[in-house]
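Student: Pasting a structure below so you can have a look.
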Amino acid sequence: MEYKIQGKSEIDNWETLMLLYNSALKEMGTKLEILNDEFQHIHQYNPIEHIKVRIKTSESIVRKLKRKGLDSTIENMQKYVNDIAGVRIICSFTSDIYRLADMITNQSDISILDTRDYIKNPKNSGYKSYHMIVTVPIFLSDSVYDTKVEIQIRTVAMDFWASLEHKMNYKFSHNAPDEIKKELYDCSIMVSDLDERMLKLNEEIHNLARLG
Ligand code: 0O2
């Protein structure tokens, strides 16, 4: 997907680029905190367990561009690397994921560029998560820049699985033995099962507590 930071003037240096992405993470972090607080205020519970933010390292940005057959220019970074600024939101239940995605979509200053539902359509590895590529406006002294952020929303169980799979790929340089990949895939089925059962259980607890 091709997208360039939209602003009055071109971004042509690394420092300004990083300033924008760091600011976009701060903006998104504040927005999410407010949504979580409002949800707590109305429904007496927090849909967000915790939030992790990160800026992709320069090495990782260069690697991604190389993989796509592109030169490491500031322009290509803005256009083709969607996850330089990344926010990971961890929830308790799958229903919270879709609730949060809707709340983010409803923010009038956020534009949704792309969504990928790896929960309804998991990757072959078993990877599950809900991904959104959004832009958030960053107001500098003389310009406004719509800056891209990748948001990954997943349950605690999905996050646990993805961390181990990430570690496996790192340790084996994406060449893990088949039996380990198979075992991890089986675990991803257990993760889906656990998420489904915990959601049902939560609903039952909620209903019983309301009656009693
Ligand atoms: P890192 O080290 O986390 O930054 P695209 O260029 O948009 O076509 P892209 O960016 O690979 O392709 O999109 P995708 O598939 O939505 O993945 C974006 C990010 O999601 C990845 O960033 C990972 O963080 C995470 N992810 C995607 N697939 C997997 C997976 O199978 N296992 C795990 N553990 N994480 C995954 P990076 O840059 O690959 O990695």
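The values are calculated or read from the model by the stated rules, or taken from the named source; none is laboratory data. All figures in this text were calculated on a predicted structure; none of them were measured in a lab. Heads up, the Cβs are rebuilt from the backbone with ideal geometry, glycines too, and the neighbour counts pull from every protein chain shown. Remember, those area values only see protein heavy atoms, side chains included, never the ligands or the DNA or RNA. Shrake-Rupley method; radii C 1.70, N 1.55, O 1.52, S 1.80 Å.
Student: What part of the accessible area of the range 4-157, given as a whole %, is carbon or sulfur when the probe is 1.4 angstrom?
Tutor: Its accessible area is 47 percent carbon and sulfur atoms.
Student: Still on this structure: Stretched out fully, how many nm does the piece from Leu140 to Thr57 gain, at 0.36 nm a residue minus the Cα gap?
Tutor: Working it through step by step, the gained length comes to 27.5 nm.
Student: Quick one: which residues, 5+ away or cross-chain, put their amide H under 5 Å from the amide H of Thr155? H built at 1.01 Å from N.
Tutor: Long-range HN contacts for Thr155: Cys91.
Student: Next question. Does anyone have the angle between helix 178-211 and the longest principal axis of the chain? Alpha-carbon axes, 0 to 90°, nearest 10?
Tutor: Once rounded, one gets 60 degrees.
Student: While we're looking at this one, here's another question. If the only charges are +1 at each Lys and Arg Cβ and -1 at each Asp and Glu Cβ, what is the size of the charge dipole of the range 145-212 around the Cα centre, to the nearest 20 debye?
Tutor: I would put it at about 140 debye.
Student: Say the dipole of the chain comes from +1 at the beta carbon of Lys and Arg and -1 at that of Asp and Glu; which of Leu211, Met132, Leu70 then lies farthest toward its positive end?
Tutor: Of the listed residues, the answer is Leu70.
Student: If a/c stays under 1.5 just call it rounded; otherwise compare a/b with b/c (prolate if a/b is bigger, oblate if not). Do that for the range 103-185, with a ≥ b ≥ c from the square roots of the Cα gyration tensor eigenvalues.
Tutor: Verdict is prolate for the range 103-185.
Student: Quick one: what are the phi-derived ³J(HN,Hα) couplings along the range 24-31, Karplus 6.51/-1.76/1.60 with θ = phi - 60°, whole Hz, x for glycine and proline?
Tutor: Per residue, the Karplus-derived 3J(HN,Hα) values read 4, 5, 5, 4, 5, x, 5, 4 Hz.
Student: Please work out the FRET efficiency for the pair Tyr170 and Trp14, using the Cβ-Cβ distance as r and a Förster radius of 25 Å; give the result to the nearest 0.05.
Tutor: Computed FRET efficiency for Tyr170 and Trp14 comes out at 0.45.
Student: Hey, another quick one. Taking the chain on its own, what percent of its Cα-Cα pair distances exceed 25 Å?
Tutor: 46
Student: For the range 1-89, what is Rg from Cα atoms divided by 2.2 N^0.38 Å, rounded to two decimals?
Tutor: Here the answer is 1.32, to two decimals.
Student: Leaving out ligands and nucleic acids, note down the accessible area per residue over the range 35-134 with a 1.4 angstrom probe, in whole Å².
Tutor: 53
Student: What is the helix-to-structure angle for 58-67, meaning the angle in degrees between its Cα long axis and the longest Cα principal axis of the chain, kept from 0 to 90 and rounded to the nearest 10?
Tutor: Helix 58-67 and the main axis of the chain meet at about 90 degrees.
Student: Shifting gears a bit: Nearest 20 debye, what's the magnitude of the dipole of the range 81-210 about its Cα centre given +1 on Lys and Arg Cβ and -1 on Asp and Glu Cβ?
Tutor: Result for the range 81-210 is approximately 200 debye, rounded to the nearest 20.
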